[in-house]
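Novice: Pasting in a structure now, in structure tokens, and then I'll have a few things to ask.
The values are calculated or read from the model by the stated rules, or taken from the named source; none is laboratory data. As the structure is a prediction and not an experimental result, all values here were calculated from the model. Here the Cβ is made from the backbone with ideal geometry for all residues, glycine too, and neighbour counts use every protein chain on show. Heavy atoms of the whole protein, side chains included, go into the accessibility calculation; ligands, DNA and RNA do not. Shrake-Rupley method; radii C 1.70, N 1.55, O 1.52, S 1.80 Å.
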Amino acid sequence: MIKLRCEWVRAVPAIAIIGGTGVYDPELLEGVTEETVATDYGAAAVACGTYRGKEVAFLSRHGAGHSVPPHLVNYRANIMALKKIGVRSILATAAVGSLNPRMKPGDFVFVDQFLDFTKGRQQTFFDGGPEGVVHVDLTEPYCPELREILVRAAQALHLPAHGGGTYVCTEGPRFETPAEIKMLRHLGGDLVGMTGVPEVVLAREAEICYAAVAMVTNFAAGIAGYRLSHQEVVGMMKVQGENIRRLLMQAVEWIGTDRTCACQHAVSGPVEV
Ligand code: HPA
């Protein structure tokens, strides 16, 4: 078997950044090597490097040049590839529209719940057969420890941020109608995006801690009072690029080796002592 150069059996903690819209390269990492990691679900391109001595992987969710739309992202290959190289914590960026007047364009939201409105995406690694059937608990879908680190990082950097919020995942690639946004607001949604699910679910099945770094790029359809465009979303991500990088790197610095959260036992159950 060929050993991948970025297979981190020795170095813990291993951290990955999944870059969404507008976050396409592993700037700030040193000694970057690019790998194609093969998995049972397909291959994923991963860049591996270090930040202040810590091993960090970077995976671009939409591929080079934003060539893969949200409904066609191979979420299973991406998460399994990160699992395979030894990643234990994921910080995933996401551009989102806001349904909540308190969450404004330019604000960070460290999401703590989701509503799933996707259609027909592969949601699990456990399709029966040799893998069996698993009904994973999602009482706390996002890792509370990573979320806490992000909240502290945003405070330290004086960035506008919210420590929780409900993310609605739509199928895309179209934006929503104002009627849909009105409904999603009634259901308790704060933010809307197209990629957060099933990524967060698969990370939990893989027993990897996962936190979403949502950046509000716009008010959602019908609230904004004008037509939405992908250019507007990318434009805001560009403007916020430096803040996103500073936040991610501060969080990377503070992610430690000790985990007391339940993410690591999500499928296997806690180890008896
Ligand atoms: N809707 C869905 N996805 C998005 C939006 C939106 O308004 N903004 C950024 N990603």
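Novice: Among Asn100, His66, Met80, whose Cα sits farthest toward the positive end of the charge dipole of the stretch 58-141 (+1 at Cβ of Lys/Arg, -1 at Cβ of Asp/Glu, about the Cα centre)?
Specialist: Towards the positive end, the residue furthest out is His66.
Novice: Let me ask another. In whole Å and largest first, what semi-axes does the C-alpha gyration tensor of the stretch 1-155 yield when each eigenvalue is scaled by 5 and square-rooted?
Specialist: They are 25, 22, 17 Å, listed from largest to smallest.
Novice: Can you tell me which lysines have their Cα less than 19 Å from the Cα of Lys104? Leave out same-chain residues fewer than eight positions away.
Specialist: Correct list for Lys104: Lys182, Lys238.
Novice: For the Cα atoms of the chain, what angle does the longest principal axis make with the long axis of helix 241-254, in degrees from 0 to 90, nearest 10?
Specialist: So the helix axis and the longest Cα principal axis differ by about 40 degrees.
Novice: Using 0.36 nm per residue, how much length does the chain from His265 to Glu30 gain when fully extended, once their Cα-Cα distance is taken away?
Specialist: 81.4 nm
Novice: Ok, one more. Enter the angle in degrees (range 0 to 90, nearest 10) between the Cα long axis of helix 75-84 and the first principal axis of the Cα atoms of the chain, meaning the one along which they spread out most.
Specialist: Tilt relative to the chain: about 30 degrees.
Novice: To the nearest 10 degrees, how steep is helix 196-205 against the longest Cα principal axis of the chain, on a 0 to 90 scale?
Specialist: Result, in degrees: 30.
Novice: In terms of modelled amide H atoms, which long-range or inter-chain residues lie less than 5 Å from the amide H of Val213?
Specialist: The answer is Ala92, Thr93, Ala94.
Novice: Here is a follow-up. Can you tell me what share of the DSSP beta bridges in the stretch 6-257 is antiparallel? A percent to the nearest 5 is fine.
Specialist: On the way: 17 of 46 bridges.
The answer is about 35 percent antiparallel.
Novice: What is the extension gain from Val239 to Leu157, computed as 0.36 nm multiplied by their sequence separation minus the C-alpha to C-alpha distance, in nm to one decimal?
Specialist: Contour length minus Cα-Cα distance gives 27.9 nm.
Novice: Something else about it: Rounded, prolate or oblate, given the Cα gyration tensor of the stretch 170-273, with a/c below 1.5 counting as rounded?
Specialist: Oblate, since a/c reaches 1.5 and b/c is not below a/b.
Novice: For the stretch 189-273, which GluC sites (Glu not before Pro) are both in a DSSP coil and crowded by at most 10 other Cβ atoms within 10 Å? Please list the in-between numbers first.
Specialist: On the way: sites: Glu199, Glu205, Glu207, Glu232, Glu242, Glu253, Glu272; in loops: Glu207, Glu272.
When the GluC sites (Glu not before Pro) of the stretch 189-273 are filtered for loop state and at most 10 Cβ neighbours within 10 Å, Glu272 remain.
Novice: Let me ask another. What list of ³J(HN,Hα) couplings, whole Hz, do you get for the stretch 69-74 from phi and the Karplus terms 6.51, -1.76, 1.60, once you set θ to phi - 60° and write x for glycine and proline?
Specialist: Coupling constants for the stretch 69-74: x, x, 6, 10, 4, 8 Hz.
Novice: Given the -39500 (n - 2.57) contribution per DSSP H run of 4+ residues, what per-residue ellipticity at 222 nm results for the chain, rounded to the nearest 500 deg cm²/dmol? Walk me through the intermediate numbers first.
Specialist: Working: 6 runs with 66 residues, N = 273.
The helix-only estimate for the chain comes to -7500 deg cm²/dmol at 222 nm.
Novice: Whole-Hz ³J(HN,Hα) for each residue in the stretch 129-139, computed from phi via Karplus 6.51 cos²θ - 1.76 cosθ + 1.60 with θ = phi - 60°, x for glycine and proline: what do you get?
Specialist: With coefficients 6.51, -1.76 and 1.60, one gets x, x, 6, x, 10, 10, 10, 6, 6, 10, 4 Hz.
Novice: Can you give the convex hull volume of the alpha carbon atoms of the chain per residue, in Å³? Kindly include the intermediate steps, with their values, before the conclusion.
Specialist: Numbers: hull volume 36.8 nm³, N = 273.
Residue-normalised Cα hull volume stands at 135 Å³.
Novice: Label Asp137 and Glu171 with points 7 Å out from Cα along Cα→Cβ: what is the distance between them in nm?
Specialist: 3.3
Novice: Whenever you get a sec, compute what percent of the accessible area on the chain sits on carbon and sulfur atoms (1.4 Å probe).
Specialist: Working: 6800 of 12540 Å².
The nonpolar share, carbon plus sulfur, comes to 54 percent.
Novice: Between Glu148 and Ala43, what is the FRET efficiency for a Förster distance of 25 Å, r being their Cβ-Cβ separation, to the nearest 0.05?
Specialist: Between Glu148 and Ala43 the formula returns 0.15.
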